[in-house]
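What follows is a set of notes on a single structure, which appears directly below.
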Amino acid sequence: MNKKLLIKTWGCQMNEYDSSKISDLLYVTQGYKLTENPEEANVLLLNTCSIREKAQEKVFHQLGRWKTLKNKKTEVIICVGGCVATQEGDYIRKRSPFVDIIFGPQTLHRLPEMISQFQENKVSIIDISFPEIEKFDHLPPARAEGTTAFISIMEGCSKYCTYCVVPYTRGEEVSRPIDDILFEIVRLAEQGVREVNLLGQNVNAYRGKTYNNSICSFAELLYLVASVDGIDRIRFTTSHPVEFTDDIIAVYDDIPELVDFLHLPVQSGSDKILTMMNRPHTILEYKSIVRKLRQVRPNIQISSDFIVGFPGESDKDFQETIEFIKDVNFDMSFSFIFSPRPGTPAANYSCNVPEQVKKKRLYELQQTINIQAMRYSRLMLHTEQRVLVEGPSKKNLMELRSRTENNRIVNFEGSPELIGKFVDVKITNVFANSLRGQIIRTEIK
Ligand code: SAH
Ligand code: SF4
Ligand code: F3S
């Protein structure tokens with residue numbers, strides 16, 4: 001039988017990564033091939049996110065649509081995984097009894113077994129436990145799909161910010177052994193990957209076991225990754241200001257492979273709000289990290305995440321955030337209105353900011369950031385930039401799409417042979433969401 005699998009994913013890069021692993025796993029073990037057409041799928045799988053209310057609502061909307069399909073084709077198997085699955089567990093089965101398998105981010109490697117078991121017994125299955133990082137031992141070897149690859153280096157989070165569900169949905173921080181990570185990266189480099197993005201909720205909390213049972217820090221891991229032949233660009237997402245130690249800053253001085261761009265979420269520019277969020281550092285400490293980084297990398301661009309309308313956020317707190325954004329001169333960032341999440345401490349905090357005020361603050365914050373981001377882009381006009389060519393351009397298949405170190409997309413005319421290579425381009429136009437360039441040099445390294 002020609003078995004087909006449809007996966008819909010929402011949420012962070014960790015969730016996207018998990019979905020790609022699920023598709024590899026179900027192909028290798030049971031021969032399922034990906035499809036985008038729900039009508040022809042034998043397995044319909046939702047990989048969900050519960051970080052904010054809207055992400056969660058999406059799940060039940062999507063399940064509603066799939067219910068109609070299942071009424072027509074009863075043998076189709078419906079699976080729900082990800083953070084909503086861990087958080088809601090049995091409630092999903094109660095509200096949507098047609099869901100057959102509910103699994104969590106740490107049990108996705110058991111899916112082939114769960115699918116077989118369901119086909120045999122026709123009894124729905126829930127497994128949302130947190131087995132100690134056995135998942136990576138059961139996943140197929142990494143497979144490159146382009147020039148850039150994501151590699152999970154640690155799972156979970158032990159920071160317990162008062163607004164956040166992640167520690168409850170993904171469990172505590174657990175690091176993958178260093179050898180596993182390096183082996184995976186070497187394999188990917190052999191298949192043509194030039195840029196890696198090291199993934200985890202707090203990658204700088206990485207403490208991985210080495211072959212002789214000592215512990216490798218995140219800074220040490222960065223040196224090792226940079227030493228892999230073929231890997232010329234290193235990114236990581238996400239890091240936390242609290243563990244952004246001097247040894248990591250020293251890596252920026254030592255290895256050019258580490259990009260001149262850092263995503264370092266801060267959430268607020270007010271010390272009072274940071275304390276209420278259980279983000280145990282001050283704004284001064286954050287600025288000190290930025291200052292030290294700019295000493296070794298004067299042109300580094302920094303992006304961040306912000307939450308507005310946290311309970312108790314006064315006009316003064318918000319103005320401190322705006323001043324802080326200007327002061328650090330943040331590049332493009334993500335910003336959200338506070339969403340009370342069931343089971344988190346902040347969901348019970350009183351003193352809510354009125355809805356209209358939250359929207360106004362979000363708008364002002366995003367305007368401020370957009371102006372700064374555009375200023376950074378404009379500074380690139382007529383400069384020479386080294387870009388990694390990712391593939392054909394999205395709008396014009398005759399052109400190429402590439403990425404700069406500071407995460408800008410540059411489209412330019414060039415031959416498809418350049419895909420997967422580094423090229424030097426001159427920036428000729430700056431648009432809101434991308435840049436245009438012209439090739440200057442193609443023979444690099
Ligand atoms: N581990 C990362 C990212 C976590 S989730 C970090 O600590 O920075 C991504 C972003 O979602 C967070 O940085 C935060 O800005 C936002 N977020 C998390 N919980 C939220 C909530 N309850 N309401 C609004 N935004 C939230
Ligand atoms: Fe959530 Fe905070 Fe952990 Fe980030 S550090 S995942 S915001 S608890
Ligand atoms: Fe969402 Fe879970 Fe990621 S809640 S942001 S999918 S860790």
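Brief remarks on what is shown
- For the range 63-84, the set of residues classified as free of Cβ contacts under 8 Å to residues at least 24 places away in the same chain and either among the β-branched types (Val, Ile, Thr) or crowded, with 22+ Cβ neighbours inside 10 Å (or both) consists of Thr68, Thr74, listed by residue number.
- The set of residues from the range 204-238 being of a type in the set (A, V, I, L, M) and within 16 Å of ligand 1 (Cβ to nearest atom) comprises just one member, Ala205.
- Taken as a whole, the condition of being farther than 22 Å from Ala149 by Cα and either in a helix (DSSP H, G or I) or assigned by TED's automatic domain parsing to the domain that holds Gly156 (or both) applies to Lys58.
- Residues being within 14 Å of ligand 3 (Cβ to nearest atom), within 19 Å of Phe136 (Cβ to Cβ) and either among the hydrophobic types (A, V, I, L, M, F, W, C) or in a loop (DSSP other than H, G, I, E, B) (or both) - total across the range 1-39: 3
- Selected residue (only one of Ser339, Ser350 is within 16 Å of ligand 3 (Cβ to nearest atom), closer than 22 Å to Val165 by Cβ and surrounded by fewer than 20 Cβ atoms within 10 Å (Cβ to Cβ)): Ser339
- So Ser217, is it within 16 Å of ligand 2 (Cβ to nearest atom), outside the structural domain of Met277 (by TED's automatic domain parsing) and of a type outside the set (D, E, K, R): no
- Cβ-Cβ under 6 Å pairs, at least 6 apart or on other chains, the range 332-353 side closer than 12 Å to Pro311 by Cβ, far side within 12 Å of ligand 2 (Cβ to nearest atom) and β-branched (Val, Ile, Thr): Phe338/Ile307; Pro345/Thr162; Ala346/Thr162
- Enumeration of residues in the range 159-203 that are of a type in the set (S, T, N, Q) and within 16 Å of ligand 1 (Cβ to nearest atom): Thr162, Thr169, Ser175, Asn197, Gln201, Asn202
- Among the residues of the range 96-126, those identified as of a type in the set (Val, Ile, Thr) and free of Cβ contacts under 8 Å to residues at least 40 places away in the same chain are Val99, Ile101, Ile102, Thr107, Val123, Ile125, Ile126.
- Residue in the range 253-260 that is in contact (Cβ under 8 Å) with a residue 60 or more places away in the chain, surrounded by fewer than 22 Cβ atoms within 10 Å (Cβ to Cβ) and in a loop (DSSP other than H, G, I, E, B) present: yes
- Taking every residue in the range 429-445 that is under 19 Å from Ser377 (Cβ atoms) and pairing it with any residue that is loosely packed, with under 12 Cβ neighbours inside 10 Å and not polar (S, T, N, Q), at least 6 positions away or on another chain, the pairs with Cβ-Cβ distances below 7 Å are Val430/Arg378.
- Between Arg294, Arg341, the distinction of being outside any helix (DSSP H, G or I), of a type in the set (D, E, K, R) and outside the structural domain of Ala55 (by TED's automatic domain parsing) belongs to Arg341 only.
- Within the range 22-43, considering residues that are under 23 Å from the mean Cα position of the chain (by Cα) and not β-branched (Val, Ile, Thr), the one surrounded by the most Cβ atoms within 10 Å (Cβ to Cβ): Leu26
- Flag for Leu188 being in contact with a strand residue (DSSP E or B) (Cβ under 9 Å, 6 or more places away or on another chain) and either under 23 Å from Leu262 (Cα atoms) or assigned to a helix (DSSP H, G or I) (or both): yes
- Single unsatisfied condition, Ile151 versus (1) without any contact (Cβ under 8 Å) to a residue 40 or more places away in the chain; (2) more than 18 Å from Ala85 (Cβ to Cβ): (1)
- All positions within the range 146-171 that are farther than 18 Å from Arg341 by Cα and not aromatic (Phe, Trp, Tyr): Gly146, Thr147, Thr148, Ala149, Ile151, Ser152, Ile153, Met154, Glu155
The values are calculated or read from the model by the stated rules, or taken from the named source; none is laboratory data. Quick caveat, the model's predicted, so the values are computed rather than measured. With ideal geometry, Cβ positions are generated from the backbone for all residues, glycine too; neighbour counts draw on all protein chains shown.
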